[in-house]
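**Student:** Please read through the structure below; I'll follow up with questions.
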Amino acid sequence: MKKKPDIDLITVNRKSILMIEIKTQKIKNCEIEVPGSKSYTHRILIAAALSDGVCNIINCLKSEDTLLTLNALKQLGVRIDEYEEKLVVHGTKGILASCNDPIYLANSGTSMRLLSGIAAIGNGVYTLTGTKRMAERPIQDLLDGLNQMGVEAFAVNANGCPPIKIKGGKIDGGHIALNCSISSQYLSSLLLMAPYTNKNLEITVTKGPVSKPYIDMTVDIMTKLGVKVTRSEYSSFNISGNQIYKADNYYVEPDCSQAGYFWAAAAITGAKIKVKGITKKSSQGDVGFADVLKEMGCKVFYENDGISVCGNNKLSAIEVDMSNMPDIVPTLAVVAAFAKGTTIIKNVAHLREKECDRLSSVATELLKMGIEANTTENGLVIKGGKPVGTEIDTYNDHRIAMSFAVAGLVVPGIKIKDEKCVEKSFPKFWNVFEGLYK
């Protein structure tokens with residue numbers, strides 16, 4: 001009989017804090033299904049909204065972040081019919097409605113950045129805003145890119161962070177220089193709107209880009225929807241204007257970053273866990289986490305219906321560049337706590353600008369577990385050992401919660417505070433996680 005992770009109500013400073021305690025039980029060999037890719041869902045929703053007809057989108061992720069993008073598009077005049085198994089998006093041919101009310105995007109950095117470019121081709125002045133943390137997350141490089149195209153776009157508080165105002169209208173395009181050292185989403189934002197310029201848009205990347213696979217993902221979606229993108233690796237991109245996304249039926253592949261939690265569970269428990277529906281051909285950079293675990297001593301099986309990882313009780317530390325899969329860093333850090341030796345994670349300085357400062361937060365929580373962990377200028381250094389139980393602060397960051405839940409499978413006493421923060425990207429995470437138990 002399956003046992004659910006226990007939920008305890010703990011009283012701290014006279015305030016009730018809901019947290020979930022992860023039970024250490026034998027984990028079975030199993031097959032897991034994860035929802036559609038969050039990154040793909042954001043992008044396909046936007047492209048479909050700008051398309052020339054009706055798009056049926058299958059296997060969309062319905063989470064806090066993607067629903068923020070969906071509802072923002074509705075504010076921009078896009079009709080979206082929601083069904084259990086699909087979303088039906090009625091394309092606007094790039095003609096967006098004016099919007100006097102602020103568009104609230106909470107702490108969804110993806111929504112904020114991608115929709116900034118889309119607002120620029122809209123009608124009137126748009127205000128994009130969010131949470132207190134969002135107001136600390138930089139976006140000035142993207143605003144600079146829009147300014148170079150003649151778009152009036154600025155930070156309301158003149159600090160390079162949201163809330164921002166963007167005056168939409170007809171854009172010729174032109175040649176711009178874009179700094180992508182903080183986020184590749186600046187580039188993705190401008191790529192997604194580029195087909196709707198009057199002439200063409202040529203983008204030269206001056207710094208970066210970080211997270212290169214996410215750019216490939218954006219170009220992949222644009223190409224699938226009939227838009228031609230000319231590029232020179234990651235240094236320059238040219239998109240002719242007066243193109244339009246083509247309406248059709250589209251399928252969102254499973255999310256490789258969500259798969260990573262279950263591959264990590266296999267790594268530290270010794271179980272064999274398959275995540276169904278994912279192939280090595282995926283353009284999601286996070287699919288590479290399976291190979292990282294293989295380097296640490298796991299066995300990896302690339303099968304027709306998914307990718308399986310079989311764990312090893314003698315994991316080895318590695319030195320690894322995680323710039324192409326930064327979202328996996330908290331998950332890898334937890335696995336590294338169980339590995340022999342010192343793991344060095346490099347080239348992920350931009351994680352300080354995520355939902356929280358993920359480098360400091362991960363190091364802090366590992367230290368609470370008795371694991372030696374330090375931040376560096378651009379990453380983490382983690383010395384494997386024998387983790388102990390503790391209460392994990394999640395910093396309202398979904399990836400912290402899900403990554404450290406994995407540790408609780410083998411370490412007694414791991415409690416995850418504010419466990420509902422997983423709803424940002426994986427609303428049914430705890431239900432799927434329960435499926436790991438015998």
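**Student:** If R₀ is 22 angstrom, what is the calculated FRET efficiency for the pair residue 246 and residue 98, using the beta carbon separation as r and rounding to 0.05?
**Tutor:** Calculated transfer efficiency: 0.25.
**Student:** Quote to one decimal, in nm, the extra length available between residue 372 and residue 81 on full extension: 0.36 nm per residue of separation minus the C-alpha distance between them.
**Tutor:** So the chain would gain 99.8 nm between residue 372 and residue 81.
**Student:** Quote the charge dipole size of the range 38-251 about the Cα centre in Debye, to the nearest 20; the model charges only the Cβ of Lys and Arg (+1) and of Asp and Glu (-1).
**Tutor:** With only Lys, Arg, Asp and Glu charged at Cβ, the dipole is about 160 debye.
**Student:** With label points built 7 Å along Cα→Cβ from the Cα atoms of residue 319 and residue 235, find their separation and express it in nm.
**Tutor:** 2.7
**Student:** Residue 347 versus residue 198, label points 7 Å from Cα toward the beta carbon: distance in nm?
**Tutor:** 4.1
**Student:** For the range 11-145, what does the alpha-carbon gyration tensor say about shape, rounded, prolate or oblate, given a ≥ b ≥ c as the root eigenvalues, a/c under 1.5 as rounded, and a/b over b/c as prolate?
**Tutor:** oblate
**Student:** Now for a different question. Between residue 291 and residue 131, how high is the FRET efficiency from 1/(1 + (r/R0)^6) when r is the Cβ-Cβ distance and R₀ = 30 Å? Nearest 0.05.
**Tutor:** Calculated transfer efficiency: 0.30.
**Student:** Can you give the log10 of the normalised intensity I(q)/I(0) at q = 0.11, 0.12, 0.15, 0.24 Å⁻¹, computed with Debye over equal Cα scatterers of the range 360-438?
**Tutor:** Normalising to I(0) and taking log10 leaves -0.29, -0.35, -0.54, -1.16.
**Student:** Continuing with this model, one more query. Would you mind counting up the charge near residue 114? Only other residues with Cβ under 13 Å from its Cβ, with Lys and Arg at +1 and Asp and Glu at -1.
**Tutor:** Net charge around residue 114: +2.
**Student:** Of all DSSP beta bridges in the range 38-251, what percent run antiparallel (nearest 5)?
**Tutor:** 70
**Student:** Right, something else. Taking 0.36 nm per residue of separation and subtracting the Cα-Cα distance, what length does fully extending residue 177 through residue 301 add?
**Tutor:** Result for the pair: 40.4 nm of gain on full extension.
**Student:** Next up: In degrees between 0 and 90, to the nearest 10, how far off the longest principal axis of the chain does helix 64-75 point, with axes built from Cα atoms?
**Tutor:** With both axes taken from Cα atoms, the answer is about 20 degrees.
**Student:** Positive end of the dipole of the chain, charges at C-beta (+1 Lys, Arg; -1 Asp, Glu), about the Cα centre: which of 375, 158, 236 has its Cα farthest in that direction?
**Tutor:** So the residue we want is 375.
**Student:** If you don't mind, there's one more thing I want to ask. Which order, highest average first, do 401-408, 348-355 follow once you tally other Cβ atoms within 10 Å for each residue and take the mean per peptide?
**Tutor:** 401-408, 348-355
**Student:** Restricting to the range 316-438, what percent of DSSP beta bridges are antiparallel, rounded to 5?
**Tutor:** 55
**Student:** A follow-up question, please. Run through the range 80-168 and list the chymotrypsin sites (Phe, Trp or Tyr not before Pro) located in a DSSP loop whose Cβ has at most 11 other Cβ atoms within 10 Å.
**Tutor:** For chymotrypsin sites (Phe, Trp or Tyr not before Pro) across the range 80-168 that sit outside H, G, I, E and B with at most 11 neighbouring Cβ atoms in 10 Å, the list reads 83.
**Student:** If packing is taken as the mean number of other Cβ atoms within 10 Å per residue, what is the order of 368-374, 378-384, highest first?
**Tutor:** Top of the packing list down: 378-384, 368-374.
**Student:** Rank by packing, highest mean first: peptides 425-435, 264-274, with packing defined as the count of other Cβ atoms within 10 Å averaged across residues.
**Tutor:** Ranked by mean Cβ neighbours within 10 Å, highest first: 264-274, 425-435.
**Student:** Can I ask one more? Taking the Cα centre of the chain as the origin, how large is its charge dipole in debye, to the nearest 20, when only Lys and Arg (+1) and Asp and Glu (-1) carry charge on their Cβ atoms?
**Tutor:** Charge dipole of the chain: 680 debye, to the nearest 20.
**Student:** How far is helix 256-269 tilted, in degrees, relative to the longest principal axis of the Cα atoms in the chain, given as a value from 0 to 90 rounded to the nearest 10?
**Tutor:** The angle comes out at about 10 degrees.
**Student:** Further question on the same structure: If you take every residue apart from residue 125 with its C-beta less than 10 Å away from the C-beta of residue 125, what net charge results, scoring Lys and Arg +1 and Asp and Glu -1?
**Tutor:** Result for the local shell: +1.
**Student:** On to the next question. Given a Förster radius of 56 Å and the C-beta distance between residue 206 and residue 25 as r, what FRET efficiency does 1/(1 + (r/R0)^6) yield to the nearest 0.05?
**Tutor:** Taking R0 as 56 Å, the efficiency between residue 206 and residue 25 is 0.60.
**Student:** If the viscosity is 0.890 mPa s and the temperature 25 °C, what Stokes-Einstein diffusion coefficient in µm²/s follows for the chain when Rh is the Kirkwood radius over Cα pairs?
**Tutor:** This corresponds to a translational diffusion coefficient of 111 µm²/s.
**Student:** Within the range 209-248, what residues put their amide N at less than 18 Å from the label point 7 Å along the Cα-to-Cβ vector of residue 144?
**Tutor:** Of the residues in the range 209-248, 209-211, 235-237 have backbone N under 18 Å from the label point off residue 144.
**Student:** For the range 66-156, run through the GluC sites (Glu not before Pro) and keep only the ones in DSSP coil with at most 12 other Cβ atoms within 10 Å of their Cβ.
**Tutor:** 84, 85
**Student:** Stokes-Einstein D for the range 38-251 at 10 °C, 1.306 mPa s, Kirkwood Rh over Cα pairs, in µm²/s?
**Tutor:** D = 95 µm²/s.
**Student:** How much of the DSSP bridge set in the range 149-216 is antiparallel, in percent, rounded to the nearest 5?
**Tutor:** The antiparallel fraction comes to roughly 30 percent.
**Student:** Further question on the same structure: Do the alpha carbons of any pairs in 167/346; 38/354; 212/314 sit beyond 27 Å of each other, and which pairs?
**Tutor:** The answer is 167/346; 212/314.
**Student:** Same structure again: Counting Lys +1, Arg +1, Asp -1, Glu -1, what net charge surrounds residue 328 among other residues with beta carbon under 10 Å of its beta carbon?
**Tutor:** With Lys, Arg at +1 and Asp, Glu at -1, the net is -1.
**Student:** Taking +1 at the Cβ of each Lys and Arg and -1 at the Cβ of each Asp and Glu, which of 282, 184, 268 sits farthest along the dipole of the chain towards its positive end, judged by Cα position relative to the Cα centre?
**Tutor:** 268
None of the figures in this text is laboratory data; all of them are computed from the coordinates on show. In this text the structure is predicted, and so the values were computed from the model without any measurement. Neighbour counts are summed over all protein chains in view; Cβ atoms, including those assigned to glycine, are modelled from backbone coordinates with ideal geometry.
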